[in-house]
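Notes follow once the structure below has been shown.
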Amino acid sequence: MNLDFKSGEELLALCKETGCPISAVMRSREVTLSGRSVEEIDSEMAKNLETMKESVRKGLYEPKESVSGLSGGDAERLMHRAEKALMGEDMAMLIASSMAVVEVNAAMGRIVAAPTAGASGILPGVLLSCAKKHGWTDEMLLDALYTAGAVGMLIARNASISGAEGGCQAETGTGAAMTAAALAELSGGSPEVALTAAAIALKNVMGLICDPVAGLVECPCIKRNAIGAANGILSADLALAGIKSLIPFDEVVTSMKNVGRLMSADLKETARGGIATSPTGKAIRKQLGLNEE
C-alpha cells in the first residue's frame with residue numbers, strides 16, 4: 001500500500017481502504033517514509049504539543065514587547081476583556097490564545113511553525129482552547145496534529161504555504177484549513193467532512209495578500225491569526241453541520257495556487273503594497289531605520 005498520498009482524493013481513498021481517520025493514515029505515512037517507530041514519531045509530535053502549550057501560556061501571562069515595539073500585550077488585553085466580549089468568552093479566549101503565540105514569535109520566543117511562524121497561532125490557539133471546553137486529552141490532540149499535518153502537507157505539496165509565494169492566503173489560510181480539518185475529526189467528523197472543512201477555510205480567504213508593515217511579521221500578521229482562528233472554527237462547524245463545499249478540496253488548493261501566481265510581487269511579503277505602503281506604514285519603516293526597497 002502506497003501511503004505517500006499526493007492529493008486529498010488519494011488521502012480519502014486510503015482512509016476508505018483502511019477504515020482509518022486521516023490522523024491514523026498520516027501517522028502511518030510518517031512511520032513508513034521516515035523509517036522510525038510509532039513511538040519515536042509520537043514523541044516528536046508530543047514535543048510540538050508541549051511547545052504549543054508553552055507559547056500560548058507565555059503570550060497570555062508573560063507578554064513581552066517585540067524588538068520593534070510594534071507588538072506585545074494585545075493577547076493579554078483581549079483575555080482580560082473575554083468575559084465582556086461581544087463574541088462570547090470562549091471565542092475571545094480562543095482568539096486571544098492564537099494571538100498570544102504570534103506575539104511570542106515576534107518577541108523571539110519559541111513557537112511551532114503551523115505551517116509557518118507568521119501563521120503559528122491559529123492551530124494551537126484553537127485546539128488548546130477547544131480542548132479545555134470539550135475535555136479533549138493530549139492523546140486526542142496528538143491525533144489532531146497529524147490530521148492538521150496531512151492538510152498542511154497537501155497544500156504545501158500542491159500549492160504553497162509561503163507568503164512570499166502565495167500571499168497570506170497561503171499562510172493563515174493554510175493554518176485555518178489545518179485547524180478546521182483537525183477540529184472536524186476531533187468532533188467525530190469523517191475524513192470527507194474534515195477535508196470539506198479545510199476547503200471552506202481556504203475559500204474564505206482566497207486572494208488574501210501579504211503586506212507586513214516594515215517587512216516584519218507583526219502587523220497585520222498577528223490580527224490575521226485572530227481572524228484565521230475564527231475562520232478555522234467556523235469552517236469546522238459548517239462542515240460538521242453537513243454543509244458541503246461545492247468545490248472539492250483539491251480544486252480549491254489548485255485555485256489558491258493559481259491566485260498566488262496572479263498576485264503582484266508587491267502583494268507577497270515584499271512590504272511594497274497594501275497597508276505596508278500606507279503613510280503610517282511608511283513612517284513606521286522610516287522610524288525603525290529600515291531602508292525603502
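Structure notes:
- Scanning segment 249-268 for residues that are assigned to a loop (DSSP other than H, G, I, E, B) and either at pLDDT below 95 or within 15 Å of Ala159 (Cα to Cα) (or both) turns up just one, Met263.
- In the set (1) under 19 Å from the mean Cα position of the chain (by Cα); (2) surrounded by fewer than 18 Cβ atoms within 10 Å (Cβ to Cβ), Val67 fails one condition alone, (1).
- Against the test of being buried (at least 20 other Cβ atoms within 10 Å of the Cβ) and either of a type in the set (D, E, K, R) or more than 16 Å from Pro212 (Cα to Cα) (or both), the options Lys244, Lys268, Lys282, Lys286 yield a single qualifying residue, Lys268.
- Qualifying residues in segment 71-122 (those that are part of a loop (DSSP other than H, G, I, E, B) and among the hydroxyl-bearing types (Ser, Thr, Tyr)) - the one surrounded by the fewest Cβ atoms within 10 Å (Cβ to Cβ): Thr116
- Just one of (1) outside any helix (DSSP H, G or I); (2) aliphatic (A, V, I, L, M); (3) out of contact with any helix residue (DSSP H, G or I) (no Cβ under 8 Å at 6 or more places or on another chain) fails for Met1. It is (3).
- So Met99, is it of a type outside the set (Ser, Thr, Tyr), touching a helix residue (DSSP H, G or I) at 6+ places or on another chain (Cβ under 7 Å) and at pLDDT 95 or above: yes
- Of note, Lys244 does not satisfy the criterion of being within 19 Å of the chain's Cα centre (by Cα), among the basic types (Lys, Arg) and either at pLDDT 95 or above or assigned to a helix (DSSP H, G or I) (or both).
- Test: Ala176 is assigned to a helix (DSSP H, G or I), at pLDDT 95 or above and more than 24 Å from Pro220 (Cα to Cα): no
- Filtering segment 27-37 for residues that are acidic (Asp, Glu), surrounded by fewer than 13 Cβ atoms within 10 Å (Cβ to Cβ), modelled with pLDDT of 95 or more and over 19 Å from the mean Cα position of the chain (by Cα) leaves an empty set.
- Which listed residue is in contact with a strand residue (DSSP E or B) (Cβ under 7 Å, 6 or more places away or on another chain) and farther than 26 Å from Leu78 by Cβ, from Lys282, Lys268, Lys257, Lys244: Lys268
So that you can scan it fast, the table gives a plain yes or no per residue for (1) in contact (Cβ under 8 Å) with a residue 12 or more places away in the chain; (2) within 15 Å of the chain's Cα centre (by Cα); (3) crowded, with 24+ Cβ neighbours inside 10 Å:
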position	(1), (2), (3)
Met206	yes, yes, no
Ala214	yes, no, no
Cys219	yes, no, no
Ser235	yes, yes, yes
Ala239	yes, no, yes
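- None of Ala92, Ala85, Ala75, Ala24 is modelled with pLDDT of 95 or more and under 30 Å from Val253 (Cβ atoms) except Ala24.
The values are calculated or read from the model by the stated rules, or taken from the named source; none is laboratory data. Bear in mind the structure is a predicted one, so any value in this text is a computation, not a measurement. Neighbour counts are summed over all protein chains in view; Cβ atoms, including those assigned to glycine, are modelled from backbone coordinates with ideal geometry.
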